[in-house]
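I have placed the structure first, in the form of structure tokens, so that the comments after it can refer back to it.
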Amino acid sequence: MAKSIIINKHGGPEVLELIDAKVPSPGPKHIRIKNLAIGLNFIDTYHRSGLYPIKLPCGLGMEGAGVIEEVGSEVKNFRKGDNVAYASPPLGSYSDERIIPERIAVKIPDGITHKIAASIMTKGLTAHYLLYKTYKVSAGETVLFHAAAGGVGQIFCQWAKSIGCKVIGTVGSDSKIDIAKKNGCDFVINYNKESFDKKVLEISENKGLSVVYDGVGKDTFEKSINCLKPMGMMISFGNSSGALGPVDVKKHIAPKSLFFTRPALTNYMAERSSLEEGARLLFEQIKFGKIKIEIFKEYPLSGARKAHEDLGARKIIGPALLMPNE
């Protein structure tokens, strides 16, 4: 029997249950994978809490890496023994063995471990679409990224720097300033101590910026709008401080003819070609040393509650994993 984390109701970390689950043979276009490492992401807490509603009972987790144990009869691109990674619904990566659709998996190149692959798929593919799809950055451009010391932030800032951007990063405490600088930020602002919008305008010589990447949400939205120049783009892609309220078009958007978007990985990676492109570029960045990954912490699968407690308390700084066999 496989071990799997499920929830039967929404709530805090206490709703996470470790159960025994029977894993059947895969359907025609599915593969059975033995997870060797499982990515831990803040979005997992949204599914658990009900901020992003899901049908219950349900597994948790979108990201993992492992070895294929069995392939469906119509699977053409994979075979037993392939090393693969994935970062997409259906939920259920918090397990030591599971069935996934062939279409969401990508092969892990030689030289990249299961742990690294599992820690970067969601965060790295998010950084890819933010930099190349939602708003295509250019060398020499200055961008603002909130939560620069977090898991997405560390990858995003390194990648943006490799493109040639100047990066302004915000963090929530002084202890995270050095982490943000280490990962490519030219300027770092503690948004709990300084008015980051005033600092950004000072850095930009009162011109404002073309783009703001905001994964924090409620606490940073208003000042993020202040940082944008006319016809700039506000990219809201997370809610770590709480969900945004209704956007007031007359107040927030119209005065500077701004663009506002709420992108999601599931939409940007829905097409197989987009997934393959993003994964290829991400793995290249890592293999060429443009993005360096340091695993912050590993938890046993049975310690998922503790992992979610630490996520909620902002104690996890950088990529973290659940390990199925520990």
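We did not get these values from a lab; they are worked out from the coordinates using the rules stated. Everything quoted here is computed from the prediction, not taken from an experiment. For neighbour counting, all protein chains shown are included, and Cβ atoms are generated from backbone atoms with ideal geometry for every residue, glycine included.
Restricting to helices (runs of 4 or more DSSP H) lying wholly in region 137-242: which have 3 or more residues that are closer than 30 Å to residue 87 by Cβ?
Where helices (runs of 4 or more DSSP H) fall fully within region 137-242 and carry at least 3 residues being closer than 30 Å to residue 87 by Cβ, they are 151-163, 177-182, 221-227.
Only residues that are among the charged types (D, E, K, R) and either exposed (fewer than 15 other Cβ atoms within 10 Å of the Cβ) or touching a helix residue (DSSP H, G or I) at 6+ places or on another chain (Cβ under 6 Å) (or both): list them for region 257-278, please.
262, 271, 272, 276
Restricting the first residue to region 287-306 and requiring it to be in a loop (DSSP other than H, G, I, E, B), which pairs with a second residue that is surrounded by fewer than 17 Cβ atoms within 10 Å (Cβ to Cβ) and small (Gly, Ala, Ser) meet a Cβ separation below 9 Å and a spacing of at least six or different chains?
Close Cβ pairs satisfying both conditions: 288/162; 290/162; 291/162.
Among the residues of region 130-164, how many are among the small types (Gly, Ala, Ser), buried (at least 19 other Cβ atoms within 10 Å of the Cβ) and in contact (Cβ under 8 Å) with a residue 60 or more places away in the chain?
Qualifying residue count, region 130-164: 5.
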